[in-house]
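*Asks:* Please find one structure pasted underneath; my questions will follow.
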Amino acid sequence: MTSRIPSIFKDNADKDKKTFISYLVCGDPSEKHTLLAMHTMAESGVDIIELGIPFSDPIADGPIIQKSIDRALKNDISLRDVISVVKKFRKKNKSTAVVLMGYMNPVHKMGIKLFSKSLKENDVDGVLIVDSPPEESLALNNELKKYNKSHIYLASPTTTDSRMKDITKMSSGYVYYVTVKGITGSKLTDLNSININVKKIKNYSKNNIPVAVGFGIKDSKSARQMAKFSDGIIIGSSIVELMHKYSNNKKNMEKHLSNYLSSISRAI
Amino acid sequence: MKNKINLKNYPNKTGHFDKFGGVYVSETLIHPLKELFQAYKKIATSPSFKKILKRELKDYVGRPTPIYYAESLSNFLGNSHIYLKREDLNHTGAHKINNALGQALLAKKMGKTRIIAETGAGQHGVATATACARLDLKCVVYMGEQDIQRQSVNVYRMKLLGAEVRSVDSGTKTLKDALNEALRDWVTNVDDTHYIIGSVAGPHPYPMIVRDFQSIIGDEAKTQFKKDYDCLPDYLVACVGGGSNAIGLFHPFLNENVKIVGVEAGGFGINTGKHAAPLTAGTPGVLHGNRTYIMEDKNGQIKNTHSISAGLDYPGVGPEHSWLKDKKRVQYTSVTDKEALNAFFTLTEKEGIIPALETAHALAYAFKLAKKLKDKKILINLSGRGDKDIDTIAKLKNIKL
C-alpha cells in the first residue's frame, strides 16, 4: 500500500483542518503500552503517528526522550520488533498513518533494501531518519520511492535557502520543520522566524509539500499558535512524559492521554 | 612503494574516505559544519594563521618534541631498536594540545566566544581548557561520570584552568556519552559556540581538521629521523582509540615504504567481548556523525566497551582509520589490559619514562614486535605521559597514595 500521508494532508486541508502528528517511543515501557497508546492516539484526533525506533545514542534528543529510549532498550526492543508493532496495529487500524522515526545505525544494520521492503510488507507509511540528511540518504530515498513510501526530512532555523530547495526535492509526505536550535523538549522562542521559514519552504517546493512543525509544542496554546503558520503540528516530549507518568496503570494512561490529545486536536 | 595514495583526494568534497566518513547529523548541524569547513579552508590555511600557530606550538607547547632512542630498553628486548616520539613532553602532557590549540585559535578567528569539548581520559579536556585559558575563551568540558572517577587528577586540572566540567550520567557514562552530550550542547548553542572534537572522529570536516593539526607529529618525525639516522623507520606503532595520535604520526608516512601498525584496546581479551577494538572485531556502521567501524549488537545498538584506559574506551574510530584498514595500508591489532600494564611498568623501569595507559598499548605491541624482529627501527608515538593514571595503577597494586 502506498503512503497515506499525502491524502491525509489533502483531506484535512479540504476541511480547513490542520494535521495532528504525535510521537512516542516504541516499547516504553512495553509493546502493549505502545499499541494501546497508538490506538488511543488514533481515537483522539491524531492523523499521523511517529513511532520512535529506540537507539542507544540518540544525539538529537533531550532528557525526556533519552530516558524513554533507555526504558525501551531495557526490553531489548529491535527495529524488527518496532515494525512488527505496526503490523499488530494494522489489524485494527487501516486509516492512521505511521512513520518510523529514529537514527541511521539500526537501519544500516538491517540493510536499506530489507528495511524498505519490510515497510511495504507491514504497511508502514513513511520514514524519518534524524541523522541522515539528504547528502547521506540517496540510496534510502530511492528504495522508499520504489514502494511509494514517504521520506520525511528535517529543516531547521539554520537551514539555508538553497538547502531548503534540495530538501523539498527529496522529501515526500511532509517536511518536518524543527522550530528551535536545540534538542527535543526545548522551549519555543522566535515565532516570527518560524512563520517566515515555513512559508519559504512551501514556496521552494514545486509540489506544494505540506510543512509540519515540531519541537517545543506542549499545550493547546502553543499548538494553536504553530498550527496557524503550518499544515500540521508535531508533539513528542510532552506525550512521552505523560505516558511515563501513568504507565503503571494502563487505564489511567489511556484516559489522560486521550484527554490531552483531544484538547490539542480541538485547538488546531 | 606500490600504489601511492593521492592523499589530497581524501576526504573528498562530501567528506568521505570512500565508503567511510560523511555527515550523519541532524539538519540543524549541517550549516555550522559547512561554516566550519569554509572557515577552516579560508583561515587555517592562510600564511598568517600558520605563522601564529607555529609560534604558539614552539614557544607555548614546546615543539618540536624530540625523538628519543631507548637504548637500554632496546637491549633488554632483543635485537631491534626502539625510538620514541616524545609527545608526552608537550605542554599539558600529551599530543592533544596540537589540535586543541589549533582549533581554539580558529574558533577565536571565527568570532566564537564559547568552547565545548568532550573528554575521556581528560587529556583532551585539559588541553582544551588550557588553550581556552591562553586565548580567553569560555570553556565547558563534558566527561562521563565513570571517567570523572578514574581520572580525578585531570578533572581538578581542568577546574583550575577555569573550565566547567559537566558530568554525563547517560548511557555508559564514558567517552561516547560525553560526545553525545557535547553534540546536544552544540546544536543548542551553535551561534556563539565552537565544538572542539578531540579525535579524528565525528562528522566531516572534523576528521580532516584534527588530522591536519595532528600531522605535525609525523611531519616532524620524518624530518628528524632523516636528519639523525639518514633513513626512515621500518615500523610506526601508535595506539588507536578515536585515533588522533595515530593518524598524526601515520599520515605523512602513508606513501613511504614504512610498515604501519595501529594498536587498539583489547581489554580483557577480544574473545571475551569486553574490549574497545572496533577495527579488530567490529563492523561498519554509523555513529557520531560518520560511517566507520563500530562495536554494535545484532540490532545495531552500540555495545558497551571496556578498556583499562579511559582514552581508548570508545566503540567507534576515526573514519580514515577504517579506510586505511580496508585499503590494507595500515595493520590494526590489539593488546589486552594486562599486556598494556606490563608495558607501562617496563618503560617506567627501563627508561624512567612513565607513559599514559593509552600509550602503553602501543608500547606493548611494539615490544612484542621488537622481540621478534632483527635490527629493525621501530618508532612509537609516545602520545602522553602517565601521571594522570597513577590512581588507577595504585589501586591495582593496592597502594595507598
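The values are calculated or read from the model by the stated rules, or taken from the named source; none is laboratory data. Being a predicted model, the structure only gives us computed values, none of them experimental. Because the Cβ atoms are built from the backbone with ideal geometry, glycine has one as well, and the counts that use them run over all protein chains shown. These accessible areas exclude ligands, DNA and RNA; they are computed on the full protein's heavy atoms, side chains included. Shrake-Rupley method; radii C 1.70, N 1.55, O 1.52, S 1.80 Å.
*Asks:* Is it the case, given these coordinates, that B:Phe253 is over 30 Å from A:Val130 (Cβ atoms) and either aromatic (Phe, Trp, Tyr) or within 14 Å of chain A (Cβ to nearest Cβ) (or both)? Break it down into steps so the answer makes sense when it comes.
*Replies:* Values: over 30 Å from A:Val130 (Cβ atoms): yes; either aromatic (Phe, Trp, Tyr) or within 14 Å of chain A (Cβ to nearest Cβ) (or both): yes.
The answer is yes for B:Phe253.
*Asks:* Moving to a separate point now. Give all pairs with beta carbons closer than 6 Å in which a residue from region B:10-39 that is of a type in the set (Val, Ile, Thr) meets a residue that is not in a loop (DSSP other than H, G, I, E, B); count only pairs at least 6 apart in sequence or on separate chains.
*Replies:* Hits for this filter: B:Val23/A:Glu135; B:Thr28/B:Val187.
*Asks:* Further, regarding this structure: Pick out the one residue from A:Asp76, A:Asp81, A:Asp70 that is at the interface with chain B (Cβ under 10 Å from one of its Cβ atoms), out of contact with any Lys or Arg (no Cβ under 7 Å at 6 or more places or on another chain) and in contact (Cβ under 8 Å) with a residue 24 or more places away in the chain.
*Replies:* Working: A:Asp76 fails: in contact (Cβ under 8 Å) with a residue 24 or more places away in the chain; A:Asp70 fails: in contact (Cβ under 8 Å) with a residue 24 or more places away in the chain.
Being at the interface with chain B (Cβ under 10 Å from one of its Cβ atoms), out of contact with any Lys or Arg (no Cβ under 7 Å at 6 or more places or on another chain) and in contact (Cβ under 8 Å) with a residue 24 or more places away in the chain holds for just one of A:Asp76, A:Asp81, A:Asp70, which is A:Asp81.
*Asks:* If you scan region A:115-132, which residues turn out to be away from chain B (no Cβ under 14 Å) and open to solvent by less than 10 Å² (accessible area, probe 1.4 Å)?
*Replies:* A:Ser116, A:Leu119, A:Val124, A:Asp125, A:Gly126, A:Val127
*Asks:* Report yes if some residue within region A:168-179 is facing chain B (nearest Cβ under 7 Å), over 26 Å from A:Ile64 (Cβ atoms) and crowded, with 16+ Cβ neighbours inside 10 Å; otherwise report no. Walk me through it before giving the result.
*Replies:* Let us first name the residues in region A:168-179 that are facing chain B (nearest Cβ under 7 Å), namely A:178.
Subsequent filtering for residues that are over 26 Å from A:Ile64 (Cβ atoms) retains none.
No, every residue in region A:168-179 fails to be facing chain B (nearest Cβ under 7 Å), over 26 Å from A:Ile64 (Cβ atoms) and crowded, with 16+ Cβ neighbours inside 10 Å.
*Asks:* Among the residues of region A:148-167, which ones are open to solvent by less than 50 Å² (accessible area, probe 1.4 Å), over 17 Å from the mean Cα position of the chain (by Cα) and either among the hydroxyl-bearing types (Ser, Thr, Tyr) or away from chain B (no Cβ under 11 Å) (or both)?
*Replies:* Once the filter is applied, which keeps residues that are open to solvent by less than 50 Å² (accessible area, probe 1.4 Å), over 17 Å from the mean Cα position of the chain (by Cα) and either among the hydroxyl-bearing types (Ser, Thr, Tyr) or away from chain B (no Cβ under 11 Å) (or both), region A:148-167 yields A:Thr158, A:Thr159, A:Thr160.
*Asks:* Identify, please: which residue in region B:119-139 is polar (S, T, N, Q) and within 18 Å of B:Gly386 (Cα to Cα) and is, among those, surrounded by the fewest Cβ atoms within 10 Å (Cβ to Cβ)? Walk me through it before giving the result.
*Replies:* Just the residues of region B:119-139 that are polar (S, T, N, Q), to begin with: B:119, B:123, B:128, B:130.
Imposing the further condition that a residue be within 18 Å of B:Gly386 (Cα to Cα) reduces the set to B:119, B:123.
Numbers: B:Thr119: 32, B:Gln123: 29.
Result: B:Gln123.
*Asks:* List the helices (runs of 4 or more DSSP H) that sit entirely inside region A:16-106 and contain at least 2 residues that are open to solvent by 10 Å² or more (accessible area, probe 1.4 Å) and among the hydrophobic types (A, V, I, L, M, F, W, C).
*Replies:* Those helices (runs of 4 or more DSSP H) span A:31-43, A:63-74.
*Asks:* When you scan region B:365-401, how many residues do you find that are among the small types (Gly, Ala, Ser), buried (at least 24 other Cβ atoms within 10 Å of the Cβ) and not in a helix (DSSP H, G or I)? Steps first, please.
*Replies:* Within region B:365-401, the subset among the small types (Gly, Ala, Ser) is B:366, B:370, B:383-384, B:386, B:394.
Within this subset, residues satisfying the condition of being buried (at least 24 other Cβ atoms within 10 Å of the Cβ) are B:366, B:370, B:383-384.
Remaining after also requiring not in a helix (DSSP H, G or I): B:383-384.
Matching residues across region B:365-401 total 2.
*Asks:* Looking only at region B:132-186, which residues are within 14 Å of another protein chain (Cβ to nearest Cβ) and in a loop (DSSP other than H, G, I, E, B)?
*Replies:* Correct list: B:Asp169, B:Ser170, B:Gly171, B:Thr172, B:Lys173, B:Thr174.
*Asks:* Another one. Could you grab me the full set of residues in region B:285-314 that are within 20 Å of the chain's Cα centre (by Cα) and part of a strand (DSSP E or B)?
*Replies:* Residues satisfying the conditions are B:Val286, B:Leu287, B:Asn290, B:Arg291, B:Thr292, B:Tyr293, B:Ile294.
*Asks:* Could you pull out the residue among A:Phe89, A:Phe55 that is over 22 Å from A:Ile8 (Cα atoms) and touching a residue at least 24 places away in the same chain (Cβ under 8 Å)? Break it down into steps so the answer makes sense when it comes.
*Replies:* Details: A:Phe89 fails: over 22 Å from A:Ile8 (Cα atoms).
One residue alone meets the criteria, A:Phe55.
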